[in-house]
1. Go through (1) touching a residue at least 24 places away in the same chain (Cβ under 8 Å); (2) not in a helix (DSSP H, G or I) and name the single condition A:Phe228 misses.
2. Considering only residues that are of a type in the set (Asp, Glu) and at pLDDT below 90, look in the stretch B:12-56 and name the one that is surrounded by the fewest Cβ atoms within 10 Å (Cβ to Cβ).
3. So for the stretch B:133-148 (the condition being farther than 22 Å from A:Ser143 by Cβ, touching a residue at least 60 places away in the same chain (Cβ under 8 Å) and either among the hydroxyl-bearing types (Ser, Thr, Tyr) or in contact with a Pro (Cβ under 7 Å, 6 or more places away or on another chain) (or both)), does at least one residue qualify?
4. Answer with yes or no whether A:Leu154 is facing chain B (nearest Cβ under 10 Å), part of a helix (DSSP H, G or I) and surrounded by 15 or more Cβ atoms within 10 Å (Cβ to Cβ).
5. Select from the stretch A:1-22 the residues that are of a type in the set (A, V, I, L, M, F, W, C) and either in a loop (DSSP other than H, G, I, E, B) or under 21 Å from the mean Cα position of the chain (by Cα) (or both) and write down the one among them that is modelled with the lowest pLDDT.
6. Restrict the check to the stretch B:102-111 and report whether at least one residue is free of Cβ contacts under 8 Å to residues at least 24 places away in the same chain, crowded, with 17+ Cβ neighbours inside 10 Å and among the hydrophobic types (A, V, I, L, M, F, W, C).
7. Restricting to the stretch A:188-224, give me the number of residues that are closer than 18 Å to A:Glu169 by Cβ and either among the aliphatic types (A, V, I, L, M) or in contact (Cβ under 8 Å) with a residue 40 or more places away in the chain (or both).
Amino acid sequence: MKKKLQLKDVGISKNNQIIFKNFSYVLEHKKNVCLIGKTNVGKTLLLKAIANEVPYFGTIVKKNSCQFLFHILDLKGTIESLIHFSELSLNHQNIILTFLKLNNLKYSYSELNLKFKLKVSILFQVLQFPTFFFVDDILSLFSRQEKMDFLILLREFNITLFYVTSDIEDTLLFPYVIVMGRDGILIEGNTINVLKQEKIMHRLGFTLPFLVDLSLQLKSYEMIDEIFLDEQELIQKLWKSN
Amino acid sequence: MEIKLKDFIKPSQITAFVNFNGSFKNLESNQKIFYVLDDKKSHDKIVRDYFIEKIIDFSESKFQDACKMVLLDYSILDKNWNQLSKTEMKRLQFVEALLNRSETILFQNFELGFYGKDRSYYQKLFVKLTKYGKCILCFTNDITFLFGMVTNFILFRENDYIFVNDFYEDEIYQYIEMPPIISLIKNLNQKNIKLGSYIETKEVLKAIYRSVNAGDKL
């Protein structure tokens with residue numbers, strides 16, 4: 001049976017006021033999703049509802065294991081002991097070392113800077129081997145490459161990511177995007193198809209990722225005929241073909 | 001590393017501090033600076049009670065005006081602090097700074113968690129506050145949030161800090177992520193296509209149009 005997590009007409013109210021309602025979505029295994037939405041639309045609360053940390057209405061069917069990361073964890077011990085490194089297979093050890101980019105795992109967690117604390121927090125959750133991993137807007141400490149390393153890590157561990165972000169550039173790392181509103185999902189679909197809906201996105205108050213925005217404008221001047229997500233390809237197209 | 005914030009308190013200026021990895025707890029305590037922190041611990045208090053206690057001449061109408069200014073719903077007054085989201089908590093601290101008439105406000109990663117439209121609004125608000133003589137100290141690693149609003153730019157390195165003149169200085173990007181707009185222009189510069197140093201998409205678009213029409217080639 002296909003692994004999935006179902007949300008049907010999920011909503012949250014606080015102090016008799018509805019924060020959001022009618023959120024329905026089926027999260028499928030091996031299909032990473034990025035969720036964006038206006039400030040305070042209830043994105044974090046949605047994750048907390050899935051985690052059963054806040055009361056909600058509607059239905060959430062979770063048949064597979066889930067892990068959540070809302071903030072950097074407050075952990076104690078060395079990296080090695082926290083992730084039980086010696087008990088892992090060689091393959092997993094290698095994947096973890098590639099992600100961590102640290103040679104010494106004997107460092108105490110408390111000595112690490114925020115970025116490495118975040119990496120260890122991620123590993124701590126990943127090594128519970130969940131099917132679905134829900135992460136709330138905490139990757140801003142990472143460079144684009146580190147975000148990609150994170151996605152590779154999850155792929156290697158066969159974990160599906162549901163990521164909430166306020167950074168529109170992050171959407172480009174995902175194949176699928178959901179735009180959340182007070183009344184459920186406003187737009188969803190293949191990332192480029194969603195971002196291409198320039199007028200709607202602007203009306204909702206979103207700025208577009210730089211290369212998407214630039215491509216769309218160049219397209220309107222008929223200088224290119226597609227959206228480029230890679231600056232090298234865009235450069236080649238503009239300055240080699242004239 | 002230690003930094004003396006008082007050296008950067010200058011009326012009507014926005015100073016950016018980039019790549020600061022120290023703890024805000026260790027920064028000097030200074031009555032003149034109001035801290036709007038990203039990781040402020042919540043307290044188990046109703047917002048109204050907190051403000052009545054903290055602000056000597058607290059009035060709901062002034063609170064309402066300040067809320068409006070920072071895009072916060074006035075109904076927050078009846079909520080408990082520990083019910084608030086991170087962005088609500090940051091905006092509420094901002095309200096407190098305004099009601100306190102703080103001349104210097106320090107923001108830690110304020111832009112985090114806000115989407116496009118709100119970010120642009122706060123950029124304009126910071127600039128507007130400097131017109132009223134306020135000093136803004138902005139700690140962030142998001143260079144794009146600083147575009148168009150910063151007077152001074154401090155970059156923290158391993159053991160010291162330097163003043164940076166513009167967003168195109170290479171040294172900045174040894175420490176933090178380069179925004180895609182700067183990456184594109186630098187990449188083109190390396191290929192001997194000089195567009196100019198822009199920080200706005202529409203300016204880059206115009207420069208590309210000029211370059212391509214002038215027949216520039218790789």
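The values are calculated or read from the model by the stated rules, or taken from the named source; none is laboratory data. Fair warning: this is a prediction, and the values are worked out from it, not measured in the lab. All Cβ positions, even for glycine, are placed from backbone atoms using ideal geometry, and neighbour counts span all protein chains on display.
1. (1)
2. Among them, the one singled out is B:Asp44.
3. Yes, that holds for at least one residue.
4. Here the answer is no, as A:Leu154 does not meet what is asked.
5. This residue is A:Met1.
6. no
7. Number of matching residues: 15.
Residue-by-condition table, conditions (1) farther than 27 Å from A:Asp170 by Cα; (2) out of contact with any strand residue (DSSP E or B) (no Cβ under 9 Å at 6 or more places or on another chain); (3) in the same structural domain as A:Tyr176 (by TED's automatic domain parsing):
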| position | (1), (2), (3) |
| --- | --- |
| A:Ser13 | yes, no, yes |
| A:Val41 | no, no, yes |
| A:Phe57 | yes, no, yes |
| A:Ser81 | yes, yes, yes |
| A:Leu88 | yes, yes, yes |
| A:His92 | no, yes, yes |
| A:Leu97 | no, yes, yes |
